[in-house]
Amino acid sequence: MQKTLPAELKKISRDRIRFEITKDNYESFCNAVGLYKKEFIESLKKSEADHRAGRITKRKFLLEICENA
């Protein structure tokens, strides 16, 4: 069952929006977007190990990841 989180959306410009949640809703927000999923945490651990080993690629945009996949 999905939980509805109250958030205030603020349009900053044509290309950007900002949303605000309360500290009380932060944990629910992280859970809703999948930041506590085992797969996500494992990918962070792998990424940290790659970074420590020097296996990094500088990117200017996140879209470059999709284009190179």
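Name the residues in region 7-22 that are touching a Phe, Trp or Tyr at 6+ places or on another chain (Cβ under 9 Å) and open to solvent by 70 Å² or more (accessible area, probe 1.4 Å), would you?
Answer for region 7-22, where residues must be touching a Phe, Trp or Tyr at 6+ places or on another chain (Cβ under 9 Å) and open to solvent by 70 Å² or more (accessible area, probe 1.4 Å): E8, L9.
Counting only residues that are open to solvent by less than 70 Å² (accessible area, probe 1.4 Å) and acidic (D, E), which one in region 23-69 is farthest from E8 (Cα to Cα)?
Taking region 23-69 and keeping what is open to solvent by less than 70 Å² (accessible area, probe 1.4 Å), we get 25, 28-30, 34-35, 41, 43, 47, 49-50, 53-54, 64.
From the residues that got through so far, the ones that are acidic (D, E) too are 50, 64.
Numbers: D50: 37, E64: 31 Å.
Taking the candidates together, the pick is D50.
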Q. Does L9 fit the bill of being part of a loop (DSSP other than H, G, I, E, B) and of a type in the set (A, V, I, L, M)?
A. no
(Q) List pairs: first residue in region 41-63 and assigned to a helix (DSSP H, G or I), second residue at pLDDT below 90 anywhere in the structure, Cβ distance under 9 angstrom, at least six positions apart or on different chains. (A) I41/L35; A49/R55; D50/I56
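The values are calculated or read from the model by the stated rules, or taken from the named source; none is laboratory data. Since the model is a prediction, treat every value here as computed from it, not as a measurement. We place every Cβ from the backbone using ideal geometry, glycine too, and count neighbours over all the protein chains shown. For accessibility, only protein heavy atoms count, side chains too; no ligands or nucleic acids. Shrake-Rupley method; radii C 1.70, N 1.55, O 1.52, S 1.80 Å.
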